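The structure appears right after this line, and notes come after that.
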């Protein structure tokens, strides 16, 4: 008799696992994606017990998909331990997880338990809000953000609504998270950016040549750039390639814009960005653009004053730091570090701070604590009146980490003034440690008459 948990043959095509509690429409989604009726569909929990494999062909991309039994079913049932083991195996072998919930039901206790289990894994996971064709979906969507699994993808497996968008998102996710044997879990990706001749090459060589030995050179999957891996105090780090912006080249019209383009590409692939600043000219249009782009992309940022060994004795570090803070006041959360690639001053501090920022970006705020902070901020300073209307914040939750993303459900997002959004962000930062990283605050419309305690 064939062992149900025997290792399958290794396929090149990525594997998608559908998981969720019983009776949320997993098998219906499987049939819709595979264009088959191979999965048994009944309006009864526990219909599916064995794993069911199928194939998807979407826009030239071949995928495999596996339907699983409902997690957290009847624990008293004799087969429940075997069912759970089968689902856990499917999660382990999958490249991407589709976490299916029932949109009309909102977020149930089993959903929270499954979400917590999936967040502990290292697999990309997409939250699927099935049965969202029902009118009650709009009033329950805010609960799904509380699962901490990102923005839910609304679909109707039975009618096919939203399935094409889901397949597009799957293909995009596969390109972002390629199936590779290279261990990439818990790596910190660092980009060194800045204007020509601010010491990017020297700092990069100092980090790689003396702080730690190079471990590997990792070729990009969809790019020609080569990223360099190294270890720092048992932490894996990747220096995102910045060769294009660290070669000074000739000073000709357009070269500055070319340099900024390279910087943006490096930032897109980084967790933490080192923006090197010239002490003689600490603020330029290019520096401002790069810092602003880091904020838009919600990355970590450290303002690095390099070549500090060349500064004269008349320049006091604390006064210069205050000047940097003032000039870059649009990113007040970004710390300032003074370094010297020649003497090594500040280089270790720079790497240690990168580790700290990486951990900060993974921090998750409890929903109850977040709502307490927001309501206290509103009580202290109410929102302004716009067009005879006043903003009302009804519920807040953290939807994602890396970057920390907060969803605030309000009566009308158009009533949010940028200054009040900045005020609420500062209150969140005052209450929690988000030093060194941008955070995102998204305002969503929420019906006033359906607010729950």
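The values are calculated or read from the model by the stated rules, or taken from the named source; none is laboratory data. All of these numbers come straight from a predicted model, not from anything done at the bench. Because the Cβ atoms are built from the backbone with ideal geometry, glycine has one as well, and the counts that use them run over all protein chains shown.
When the residues of region 314-330 are narrowed to those that are modelled with pLDDT of 85 or more and assigned to a loop (DSSP other than H, G, I, E, B), which ends up farthest from residue 267 (Cα to Cα)? That would be 329.
Please pick out the residue among 321, 377 that is surrounded by 14 or more Cβ atoms within 10 Å (Cβ to Cβ) and within 30 Å of residue 150 (Cα to Cα). Just one listed residue meets the conditions, 377. Screening residue 118 against (1) modelled with pLDDT under 85; (2) in contact with a helix residue (DSSP H, G or I) (Cβ under 8 Å, 6 or more places away or on another chain); (3) in a helix (DSSP H, G or I); (4) within 30 Å of residue 231 (Cα to Cα) leaves a single unmet condition, (1). Can you report the number of residues in region 381-414 which are assigned to a strand (DSSP E or B), touching a helix residue (DSSP H, G or I) at 6+ places or on another chain (Cβ under 9 Å) and more than 14 Å from residue 367 (Cβ to Cβ)? Qualifying residue count, region 381-414: 4.
Filter region 380-402 for residues that are within 24 Å of the chain's Cα centre (by Cα) and surrounded by fewer than 17 Cβ atoms within 10 Å (Cβ to Cβ) and give the result. Of everything in region 380-402, those that are within 24 Å of the chain's Cα centre (by Cα) and surrounded by fewer than 17 Cβ atoms within 10 Å (Cβ to Cβ) turn out to be 401, 402. Within region 244-261, one or more residues are under 17 Å from residue 350 (Cβ atoms), at pLDDT below 90 and in contact with a helix residue (DSSP H, G or I) (Cβ under 7 Å, 6 or more places away or on another chain).
Just to be sure I understand, how many residues within region 54-71 are in contact with a strand residue (DSSP E or B) (Cβ under 8 Å, 6 or more places away or on another chain) and either surrounded by 16 or more Cβ atoms within 10 Å (Cβ to Cβ) or modelled with pLDDT under 75 (or both)? Residues in region 54-71 being in contact with a strand residue (DSSP E or B) (Cβ under 8 Å, 6 or more places away or on another chain) and either surrounded by 16 or more Cβ atoms within 10 Å (Cβ to Cβ) or modelled with pLDDT under 75 (or both): 9 in total.
Note on region 274-293: residues that are assigned to a helix (DSSP H, G or I) and under 21 Å from the mean Cα position of the chain (by Cα) total 4. In region 300-313 there is no residue matching the filter, namely being in the same structural domain as residue 196 (by TED's automatic domain parsing), more than 20 Å from residue 203 (Cβ to Cβ) and assigned to a helix (DSSP H, G or I).
When residue 383 is tested against (1) farther than 20 Å from residue 148 by Cβ; (2) at pLDDT 95 or above, exactly one condition is not met: (2).
Considering only residues that are surrounded by fewer than 16 Cβ atoms within 10 Å (Cβ to Cβ) and touching a residue at least 12 places away in the same chain (Cβ under 8 Å), look in region 118-132 and name the one that is farthest from the chain's Cα centre (by Cα). This residue is 121. If you go through region 427-441 and keep only what is surrounded by 13 or more Cβ atoms within 10 Å (Cβ to Cβ) and in contact with a helix residue (DSSP H, G or I) (Cβ under 9 Å, 6 or more places away or on another chain), you end up with 427, 428, 431, 432, 434, 435, 436, 437, 438, 439, 441.
Scanning region 302-321 for residues that are over 20 Å from residue 196 (Cβ atoms) and touching a strand residue (DSSP E or B) at 6+ places or on another chain (Cβ under 9 Å) returns 317, 320, 321. The condition (being free of Cβ contacts under 8 Å to residues at least 12 places away in the same chain and within 30 Å of residue 442 (Cα to Cα)) is satisfied by just one residue among 329, 299: 329.
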